[in-house]
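Trainee: Questions regarding the structure given below will be posed in turn.
Just so it is clear, none of the values below were taken in a lab; they were calculated from the coordinates. Nothing here was measured: the structure is a model prediction, and the numbers come from that model. A quick note on method: Cβ atoms are made from the backbone with ideal geometry, for glycine too, and the neighbour counts reach across all protein chains shown.
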Amino acid sequence: MNNELLSNLNKIHTTDFGVLRIKKNLGLDTPDIVAWCKQKIKTADKITGKGKNWYVYADNAVLTVNAYTFTIITAHKIK
């Protein structure tokens, strides 16, 4: 797993639109999306870096996190 993403968990954040997008794409009704995503990052099956993004694979979902700003961009279910 990549230590850079894990060592910067305190910097992980998202935008208001990011919260809506993640909730919609994953069908979540979680009040704190950032905390939910941080937990998924901590327990991820796999974290890969490609270009400017990290891809976090956990519980049949993939989270996309910007590698420079640590912004959670989106999340999708793995089909």
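Trainee: Please report, in debye to the nearest 20, how large the charge dipole of the stretch 3-77 is about its Cα centre when each Lys and Arg carries +1 at its beta carbon and each Asp and Glu carries -1 there.
Mentor: 160 debye
Trainee: Could you work out the relative contact order of the stretch 1-77? I mean the mean sequence separation of Cα pairs under 8 Å and 6+ apart, divided by the number of residues, in percent.
Mentor: Over the stretch 1-77, the number comes to 32 percent.
Trainee: Right, here's the next one. Can I get the semi-axes of the chain's equivalent ellipsoid? Compute them from the C-alpha gyration tensor as square roots of 5 times the eigenvalues, in angstrom, largest first.
Mentor: Square roots of five times the eigenvalues give 17, 14, 11 Å.
Trainee: Now a separate question. For every helix of n ≥ 4 consecutive DSSP H residues, a contribution of -39,500 (n - 2.57) applies; sum these over the chain, divide by its total residues, and give [θ] at 222 nm rounded to the nearest 500 deg cm²/dmol.
Mentor: One gets -9000 deg cm²/dmol as the mean residue ellipticity at 222 nm.
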